[in-house]
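The values are calculated or read from the model by the stated rules, or taken from the named source; none is laboratory data. Since this is a predicted model, take the numbers as computed values, not measurements. No Cβ is skipped: glycine too gets one built from the backbone with ideal geometry, and neighbour counts run over all protein chains shown.
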């Protein structure tokens, strides 16, 4: 059961300064819409959440070779995610030590050094200083060796997913991920060698909505029938049974899960059609033998029960605060960064086993693009819905509360169409914003 007492209060529409109000006696849970529109709240989020949590940087497969690099923004800071000439993975602040200019201006590549165009300072791929033009003009006590690029305070990884933390005193990544590790394992188990890779290519788009709305949307199965009717019709026409069972909104009964530390997921029996699922009709009869071979390999390597867990269930995993791994018809790694209260930048990559054949990879990318792509069945619908919500929040003073009480009367596990797992996110958000102990 997800609903555990954390904060009590009245949710009768009055506002006493609390932004998240949970009333267990009356089974209501409300979020004040001020949190989606006020710049001072975003600034507080940057300090209380993004400066304190483990924030996704990238996947090891993106920087396979010494000298490979990717430039990213982590908690609003420019960062170089790279592998140095000795093969070590680094995350360096992309800021020249001289006058503060961004050093590496390319999005990605391979290099022997990072060079600042402003005054010509250069750095090795491990961040150490390489050259300072005219360094004889500096005084004798000038510490040239101490002028390298500054690394992020903490950089750790789990199964090749790298995260940075700006708080040197934060708990280690393994502790932070808590139950989310089990769901990352389900993703990695799709590879016979345990090696997954980011597939070349990236999706990037802006969304005119608050970043927290995408957290909610990513794990909200309640909106599926109304928002994604076009996709459901496509699945029906492809031969997949997506007709809701009696008493349920979806064809199968899935659940929302609290994974600890604000992480959450949906966990559904599979009905979407995926490269290792039974729903061959989505991919055509030509794929049947190939998909059967994938399933047989999973059973031989993992056992029947674990293979069924990998192949016959799908999940949308949200790692607090802003990373979502959608493991369904494809595996999508989606990261989103707030720019303003009503604007976020979204970046998404496809992830797959390194052993995939060309045909298997083509099916994976087809699923990645047709559902989660910016021109696919799902994402344009979601963007429209979230931007409409953001537009509605212009009236937040007159219509101040968002209700997330669905399923609070359910004494059993929370369904994926309930909102218990959304409440997990908001409790963590509220505790960090208020400075409460974890």
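Which one of these is surrounded by 17 or more Cβ atoms within 10 Å (Cβ to Cβ) and under 28 Å from residue 325 (Cα atoms): 95, 152, 103?
Working: 95 fails: under 28 Å from residue 325 (Cα atoms); 103 fails: under 28 Å from residue 325 (Cα atoms).
After ruling out the rest, the residue left standing is 152.
Residues are listed down the side, and each one gets a yes or a no for (1) assigned by TED's automatic domain parsing to the domain that holds residue 314; (2) without any contact (Cβ under 8 Å) to a residue 60 or more places away in the chain; (3) outside any loop (DSSP other than H, G, I, E, B):
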| position | (1), (2), (3) |
| --- | --- |
| 139 | no, yes, no |
| 170 | no, no, no |
| 176 | no, no, yes |
| 181 | no, yes, yes |
| 185 | no, yes, yes |
| 194 | yes, yes, no |
| 197 | yes, no, yes |
| 206 | yes, no, yes |
| 212 | yes, no, yes |
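In this structure, residue 342 does not qualify as touching a strand residue (DSSP E or B) at 6+ places or on another chain (Cβ under 6 Å), surrounded by fewer than 22 Cβ atoms within 10 Å (Cβ to Cβ) and either at pLDDT 95 or above or over 25 Å from residue 160 (Cβ atoms) (or both). Candidates in segment 248-260 are the residues that are part of a loop (DSSP other than H, G, I, E, B) and surrounded by 20 or more Cβ atoms within 10 Å (Cβ to Cβ); of these, the one that is modelled with the highest pLDDT is 254.
Which of the residues belonging to segment 92-130 are in a strand (DSSP E or B) and either touching a residue at least 12 places away in the same chain (Cβ under 8 Å) or within 25 Å of the chain's Cα centre (by Cα) (or both)? Spell out the reasoning first.
Our first condition is that a residue be in a strand (DSSP E or B); within segment 92-130, this holds for 92-93, 108-110, 113-115, 122-124, 129-130.
Across segment 92-130, the qualifying residues are 92, 93, 108, 109, 110, 113, 114, 115, 123, 124, 129, 130.
Restricting to segment 127-145, give me the number of residues that are touching a strand residue (DSSP E or B) at 6+ places or on another chain (Cβ under 8 Å) and surrounded by fewer than 17 Cβ atoms within 10 Å (Cβ to Cβ). The number of residues fulfilling the criteria is 4.
Quick check, is residue 89 within 22 Å of residue 343 (Cβ to Cβ), crowded, with 17+ Cβ neighbours inside 10 Å, touching a residue at least 24 places away in the same chain (Cβ under 8 Å) and assigned by TED's automatic domain parsing to the domain that holds residue 156? Outline the logic, then answer.
On the way: within 22 Å of residue 343 (Cβ to Cβ): no; crowded, with 17+ Cβ neighbours inside 10 Å: yes; touching a residue at least 24 places away in the same chain (Cβ under 8 Å): yes; assigned by TED's automatic domain parsing to the domain that holds residue 156: yes.
No.
Within segment 349-369, being surrounded by fewer than 21 Cβ atoms within 10 Å (Cβ to Cβ), more than 19 Å from the chain's Cα centre (by Cα) and not in a loop (DSSP other than H, G, I, E, B) holds for 358, 359, 360, 361, 362, 366.
Taken over segment 280-334, the criterion of being at pLDDT below 95, out of contact with any helix residue (DSSP H, G or I) (no Cβ under 7 Å at 6 or more places or on another chain) and crowded, with 19+ Cβ neighbours inside 10 Å is satisfied by 282, 294, 313, 314, 328.
Every listed requirement among (1) crowded, with 18+ Cβ neighbours inside 10 Å; (2) assigned to a helix (DSSP H, G or I); (3) more than 18 Å from the chain's Cα centre (by Cα) is met by residue 190 save one, (2).
Could you look through segment 411-438, keep only residues that are free of Cβ contacts under 8 Å to residues at least 12 places away in the same chain and outside any helix (DSSP H, G or I), and pick out the one that is surrounded by the most Cβ atoms within 10 Å (Cβ to Cβ)?
So the first thing to find is which residues in segment 411-438 are free of Cβ contacts under 8 Å to residues at least 12 places away in the same chain, and the list is 434, 436-437.
Add one more test, that the residue is outside any helix (DSSP H, G or I), and what stays is 436-437.
Values: 436: 12, 437: 4.
Across segment 411-438, the extreme among qualifying residues is 436.
If the condition is being surrounded by fewer than 20 Cβ atoms within 10 Å (Cβ to Cβ) and at pLDDT 85 or above, then segment 370-383 contributes 380, 381, 383.
Which one of 174, 157, 119 is exposed (fewer than 14 other Cβ atoms within 10 Å of the Cβ), within 30 Å of residue 266 (Cβ to Cβ) and modelled with pLDDT of 95 or more? Walk me through it before giving the result.
Details: 157 fails: exposed (fewer than 14 other Cβ atoms within 10 Å of the Cβ); 119 fails: within 30 Å of residue 266 (Cβ to Cβ).
Criteria check complete, one pass: 174.
Of the residues contained in segment 237-244, one or more are found to be at pLDDT below 85, assigned by TED's automatic domain parsing to the domain that holds residue 317, part of a helix (DSSP H, G or I) and surrounded by fewer than 19 Cβ atoms within 10 Å (Cβ to Cβ). Is there a residue in segment 266-279 that is farther than 22 Å from residue 53 by Cβ and either within 13 Å of the chain's Cα centre (by Cα) or modelled with pLDDT of 95 or more (or both)? No: zero hits.
Conditions (1) at pLDDT 95 or above; (2) more than 16 Å from residue 164 (Cβ to Cβ); (3) not assigned by TED's automatic domain parsing to the domain that holds residue 395, marked per residue:
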site	(1), (2), (3)
3	no, yes, yes
23	yes, yes, yes
38	yes, yes, yes
42	yes, yes, yes
45	yes, yes, yes
60	yes, no, yes
65	yes, yes, yes
69	yes, no, yes
73	yes, no, yes
